[in-house]
Every structure is written in C-alpha cells, then in structure tokens.
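K.L.:
This is the structure I want to talk about, given as structure tokens.
The values are calculated or read from the model by the stated rules, or taken from the named source; none is laboratory data. Note that the structure is predicted; figures quoted are calculated from it, not measured. Please note: Cβ atoms are built from the backbone with ideal geometry, for glycine as well, and neighbour counts cover all protein chains shown. For accessibility, only protein heavy atoms count, side chains too; no ligands or nucleic acids. Shrake-Rupley method; radii C 1.70, N 1.55, O 1.52, S 1.80 Å.
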Amino acid sequence: MRRRALVPAVALTALLAGCGIRTTSVPVDAGAAPSRVPCSVTDDGAAETAAQGMPVRVFLVCGSQLEAVDRRSPLPEEKAGGDPVRTAGGLLAQLLDDPSDAERQAGFTTEVRGPLTVGGGRAGDPSGTLRLSRQPEDLAPTALSQLVCTFAESSAGAGGHTVLLGGPGKYPPKRYRCTPDLRERPDSTPPTTPPS
C-alpha cells in the first residue's frame, strides 16, 4: 500500500519540477517566436507557368519575417527590363495579389492593400524616384517594408539595396534601405538615408 502512494508522489514531484528553465523577472527579447510554417513554396505547376511571363521576386510575410518568393509577371521581359516604373508597377501588382494556394499553405501572406499605384518621379526629383499614390509613411509598416525590399532588390531600385520613394504630395522622396534587420522585423520603420 505504501508503495502505491509513493508512485503518484514521485510523478507529482516530476511534474512540478517543470522543464528546467528558471523564470526571471527581467523582460527578455529573444526575437520573433519560432514558426512551424515551412516558408518554402514547392515548384508544383512551375512547368505550366514557365512560359507565362518573366520571373520576378517579391517579398511576402511568413513567420513574422519577410521572405523572398519567386513568381511570374505577365509583363513582357523586353518592356520591363529598361523601365523601372513599369517594373515597379508589375511588382506592386504581384504584392497586391492574394498569395497562391501553395504560398498560403507554406504560411505566406501580404500586408500590401489597395488602392495603391506607383508612378515615376516629378520635376526636381532625383533620377530613379518612384512615387506612390499614398504617402509611404501612411502605409502600414509591414506593407511599406514589403514594398521597399521588393523594389530595392529589383531593377526598379536605386542600387545598394535601396529605393527612392515618395508619395503624391510635395514632400521630397526618401531613400529607403532594405536591410537584414528590416527583413527580420518588417513591422519596424524602414531605415532611410538622404536621397542624393
């Protein structure tokens, strides 16, 4: 009888001991929570779409970070390569599209919402400026981070992982930079440097 009482007592002691991690009263920032989603899209159907448009890379949200996703744009390659505004327009259309079934299953989402358009700079803007139909600062931080990294890592960018972005107002454009920190924490404000 005494032995039967000992077994539950030992089990209770082990349960109360926990996992061996001590609690602390000091807040600890250990980064983003681990994600169980793969953040990787399989190439199912790639053969079907291989001839449908040019390959493009956009940044979508997965596991609270920005991850690059390869897609196909309907914009003909010869028209996209030499025209940053057309390239940016095609990339923006991709970001406004809902993720495909395969992308959703892999955990991808987009925070970029319409109505939103992109055009070229105006007189007095530095060369390579892109102007959005809304002020960049008025966009949700994650949406702006998606735009910055997608544009900056394409031929629409201004070089050096940057993009010159402005809005419809008279404010001068800013040079936004896509950094590893921004890709890890897209809900933070994208870093800027002087446009010249």
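K.L.:
Using 0.36 nm times the number of residues separating Tyr171 and Arg57, minus their current alpha carbon distance, what extension gain do you get? Could you put the intermediate results ahead of the total?
P.N.:
Values: separation 114, 0.36 × 114 = 41.04 nm, distance 2.91 nm.
Using 0.36 nm per residue and subtracting the Cα-Cα distance, I get 38.1 nm.
K.L.:
Under a Cβ-Cβ cut-off of 15 Å, what is the net charge of the residues other than Arg177 that fall near it, where Lys and Arg count +1 and Asp and Glu count -1? It would help to have the intermediate numbers written out before the result.
P.N.:
Values: positive: Lys174, Arg175, Arg183, Arg185; negative: Glu153, Asp181, Glu184.
Summing Lys/Arg as +1 and Asp/Glu as -1 gives +1.
K.L.:
Roughly speaking, to the nearest percent, how much of the stretch 51-196's 1.4 Å accessible area is carbon and sulfur?
P.N.:
51 percent
K.L.:
Which net charge results when you count Lys and Arg as +1 and Asp and Glu as -1 among the other residues whose beta-carbon is under 13 Å from that of Ala140?
P.N.:
On the way: positive: Arg113, Arg134; negative: Glu111, Glu137, Asp138, Asp187.
Charge balance near Ala140 sits at -2.
K.L.:
Let me ask you something else. For Arg113 and Val85, compute 0.36 nm times the residue count separating them, minus their Cα-Cα distance, and round to one decimal in nm.
P.N.:
Details: separation 28, 0.36 × 28 = 10.08 nm, distance 1.90 nm.
Working it through step by step, the gained length comes to 8.2 nm.
K.L.:
Assuming R0 = 35 Å, can you tell me the calculated FRET efficiency for the pair Gln105 and Ser188, based on Cβ-Cβ distance, to the nearest 0.05? Before the final figure, lay out each step's value.
P.N.:
Numbers: r = 28 Å, r/R0 = 0.79.
E between Gln105 and Ser188, to the nearest 0.05, is 0.80.
K.L.:
Still on this structure: Whole number in Å², please: accessible area per residue of the stretch 135-196, 1.4 Å probe, ligands, DNA and RNA not counted. Could the numbers behind the result be given before it?
P.N.:
Working: 2860 Å² over 62 residues.
Computed with neighbouring chains in place, this is 46 Å² per residue.
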